[in-house]
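The values are calculated or read from the model by the stated rules, or taken from the named source; none is laboratory data. Fair warning: this is a prediction, and the values are worked out from it, not measured in the lab. Don't worry about glycine lacking a Cβ; one is built from the backbone with ideal geometry, like all the others, and counts go over all protein chains shown. For the accessible areas, the whole protein counts, side chains as well, though only heavy atoms, and no ligand, DNA or RNA atoms are used. Shrake-Rupley method; radii C 1.70, N 1.55, O 1.52, S 1.80 Å.
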Amino acid sequence: PLSRAAVCADIHRIFDLGFFEDIQALREPMADGVRVVYVVKETPSVRSVKFVGNKAMKADELKPAFDFKDNQLVEPVKIKKGLDKIRSMYAEKGYYLAELGYELKSPDAERNSVVLEVQVNENRKVKVRKILFIGNKVFDDAALKGVMRTGEGGLLSFLSSSGTYNQEQFERDIQALQFFYMDHGYLDVKVEGARVYLTPDKRWLYLTILLEEGPQYRVRGLDITGDIEGSKAELLTKFPMRKGEV
């Protein structure tokens, strides 16, 4: 007996195979009943990935975001994850306004394969408007900004590279601040991860860095232990640090 529920279950089971993007069930009258015909449309495979509009980043840098193997079937979820990853890559370089889209183009319908064309509109970089420090007492803001390579941009900074935000560089700046304090005897300093605030128009960034400076340490004494060859006093002269110094 023909059962609508059974036909629906069949369609679901065929979909679960993962090879088809559309399935229809047709009934063809026959002398002794009906013939049920399942008409399927195969999911195309990805022949290649192409990027259009990218300038700040090369295609070779962007392609690893899509882990499509040769002739692997199109998976919308995987495409979305790839686009999200590329957005993050652009954000790390300061392109918070980057817009991404994609189109599946079929150069060879007989082979049922497509070219995944990723369309990139990079837009302008977001600039750093202000760098703020909280908790610094020993060194003022100007001294700490001098340690960093990330700088603030002015109203005309969009005409140059000044004030450009780069996530990797900013993380190195956080380390540089920590080394700067330690070189001045503040061994317990804590430079907390910065708070990054993006203005609603996505044109400017405000960076806030939290500091716990701690006490400054000085050399109480210097000694050498272990297997010593020669005079200890002579070896101690090799060290530039002296008692009472930072």
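Confirm whether Y102 is open to solvent by less than 80 Å² (accessible area, probe 1.4 Å) and either of a type outside the set (A, V, I, L, M) or in contact with a Leu (Cβ under 8 Å, 6 or more places away or on another chain) (or both). When the stated conditions are applied, Y102 does not pass them.
Provide a single number: the residues in region 46-84 that are within 28 Å of D22 (Cβ to Cβ) and either more than 18 Å from the chain's Cα centre (by Cα) or in a helix (DSSP H, G or I) (or both).
Count: 24.
The set of residues in region 95-128 that are of a type in the set (K, R) and either at pLDDT 90 or above or not in a strand (DSSP E or B) (or both) comprises R111, R124, K125. Applying the criterion of being small (G, A, S) and either part of a loop (DSSP other than H, G, I, E, B) or in contact (Cβ under 8 Å) with a residue 12 or more places away in the chain (or both) to the residues of region 129-154, the residue that is least open to solvent (accessible area, probe 1.4 Å) is G153.
Quick one: how many residues across region 183-211 are over 16 Å from E152 (Cα atoms), in contact with a strand residue (DSSP E or B) (Cβ under 6 Å, 6 or more places away or on another chain), modelled with pLDDT of 85 or more and open to solvent by 50 Å² or more (accessible area, probe 1.4 Å)? So the answer is 1. Do you know which of the residues in region 30-47 that are touching a residue at least 24 places away in the same chain (Cβ under 8 Å) and open to solvent by 50 Å² or more (accessible area, probe 1.4 Å) is nearest to L97 (Cα to Cα)? Filtering first and then ranking leaves R47.
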